[in-house]
Amino acid sequence: MLKANDIEFDFAFTEKVGHAEQLVTDKITKSYRKFIVVGGDGTLNEVTNGIFKQKDVPTNEIYLGLIQMGTGNDWARYYNMKPIYQEEMERLKKCPSKLQDVGKVEYHCDGENKSSYFINVAGLCFDSTVVKATNEMKERGRRTKFAYLISLLKSLIKYKPWHLKIYINDEVLEGEFLSISIGNGKFSGGGMIQTPEAVIDDGFLHVTIYQNMPKYKIVTNVKKLYNSKILKVKGVRSFKTQKFRIE
């Protein structure tokens, strides 16, 4: 379809986890500036890290697009992209562009200071546990748009809350927390809206913090994860910030 629509392109197939980041970094050194991910949010995240970890070319000179073939497609959902490929061809030919924010995570691991970038949403605590379970499900060949929801319900059985100290704006929150969702965009987990007030180019992160709560309360409020009403649940707080720290 790319050829039929007279779109000139080169291509590369990823071979393993993390390979997309390596491919993009290499291609940037060879003067490539426009990248189209044919896949989902995971591949998109790797390409984003490839763009931002290289220091040879300013990131605002690089274009990033998507033809969605993933499980969640949450970044595409924010931009109202559709998996109708001829429509995607028309969009690529017009090449509309928008400058958006990207989040940066700095952390300490294995005795080293490290960093990583995210284009859409990052999660901690229960959210990260569910993402790990979802990835393992996909590795076993079980790909479904409900993968995140299935993993959420299964992970609840054994999950224990994390004890954290959170420095955000002028507050310090300390105690046991269920989950944290850090939104540059609104959507995560295949259509969940955990950061409903997030705007992808406003220069801020919208952080939703879930205090520890009974498991039955989580199950009874799952619907609110999809209808933008999660912030009305008691024990759920929202913050707008540019920087914060978690211990």
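Taking the range 74-104 as the range and being β-branched (Val, Ile, Thr) and over 16 Å from Asp41 (Cβ atoms) as the test, only Ile84 passes. Within the range 176-185, can one find any residue that is surrounded by 13 or more Cβ atoms within 10 Å (Cβ to Cβ) and either assigned by TED's automatic domain parsing to the domain that holds Gln68 or closer than 21 Å to Lys82 by Cα (or both)? Yes: the range 176-185 contains one or more residues that are surrounded by 13 or more Cβ atoms within 10 Å (Cβ to Cβ) and either assigned by TED's automatic domain parsing to the domain that holds Gln68 or closer than 21 Å to Lys82 by Cα (or both). Inside the range 205-227, residues that are surrounded by 12 or more Cβ atoms within 10 Å (Cβ to Cβ) and free of Cβ contacts under 8 Å to residues at least 40 places away in the same chain make up a count of 10.
Per-residue answers, yes or no, for (1) within 22 Å of the chain's Cα centre (by Cα); (2) aliphatic (A, V, I, L, M); (3) assigned to a helix (DSSP H, G or I):
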residue: Glu8; (1), (2), (3): no, no, no
residue: Ala20; (1), (2), (3): yes, yes, yes
residue: Lys55; (1), (2), (3): no, no, no
residue: Leu66; (1), (2), (3): yes, yes, no
residue: Gly72; (1), (2), (3): yes, no, no
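Looking at the range 68-82, is at least one residue touching an Asp or Glu at 6+ places or on another chain (Cβ under 8 Å), at positive phi and either buried (at least 17 other Cβ atoms within 10 Å of the Cβ) or among the basic types (Lys, Arg) (or both)? Yes, there is a match, as at least one residue in the range 68-82 is touching an Asp or Glu at 6+ places or on another chain (Cβ under 8 Å), at positive phi and either buried (at least 17 other Cβ atoms within 10 Å of the Cβ) or among the basic types (Lys, Arg) (or both).
Residue under question is Ser151, and the condition is that it be of a type in the set (S, T, N, Q), crowded, with 19+ Cβ neighbours inside 10 Å and either at pLDDT 80 or above or out of contact with any Asp or Glu (no Cβ under 9 Å at 6 or more places or on another chain) (or both); does it hold? Yes.
Here the range 94-140 is the region considered, the condition is being acidic (Asp, Glu) and under 14 Å from the mean Cα position of the chain (by Cα), and the residue that is modelled with the highest pLDDT is Asp101.
Going residue by residue through the range 77-92, is there one that turns out to be within 21 Å of Gly190 (Cβ to Cβ), touching a residue at least 60 places away in the same chain (Cβ under 8 Å) and among the charged types (D, E, K, R)? Yes: one or more hits.
As a summary of the residue check, Ser97 satisfies the conditions (1) touching a Phe, Trp or Tyr at 6+ places or on another chain (Cβ under 8 Å); (2) polar (S, T, N, Q); (3) surrounded by 15 or more Cβ atoms within 10 Å (Cβ to Cβ) except for the one numbered (3). None of Thr59, Thr71 is in contact with a Ser or Thr (Cβ under 9 Å, 6 or more places away or on another chain) and of a type in the set (S, T, N, Q) except Thr71.
Going by the conditions given, is Phe187 among the aromatic types (Phe, Trp, Tyr), touching a Lys or Arg at 6+ places or on another chain (Cβ under 6 Å) and under 14 Å from Asn120 (Cβ atoms)? Yes: the conditions hold for Phe187.
Apart from one condition, Lys3 fits all of (1) surrounded by 12 or more Cβ atoms within 10 Å (Cβ to Cβ); (2) in a loop (DSSP other than H, G, I, E, B); (3) not β-branched (Val, Ile, Thr); the exception is (1).
Only one entry in Tyr117, Tyr78, Tyr63 is over 25 Å from Ile209 (Cβ atoms) and of a type in the set (Ser, Thr, Tyr), namely Tyr63.
Residue pairs whose Cβ atoms lie under 8 Å apart, sitting 6 or more positions apart in sequence or on different chains, and linking a residue in the range 39-53 that is more than 17 Å from Gly185 (Cα to Cα) and in the same structural domain as Val24 (by TED's automatic domain parsing) to a partner that is outside any loop (DSSP other than H, G, I, E, B) and among the polar types (S, T, N, Q), are Gly39/Gln68; Gly50/Gln22; Gly50/Thr25; Ile51/Thr59; Phe52/Thr59; Lys53/Thr25.
The values are calculated or read from the model by the stated rules, or taken from the named source; none is laboratory data. On a predicted model such as this, the values are computed, not experimentally measured, just so you know. Cβ sites come from the backbone with ideal geometry, for glycine too, and all protein chains shown count toward neighbours.
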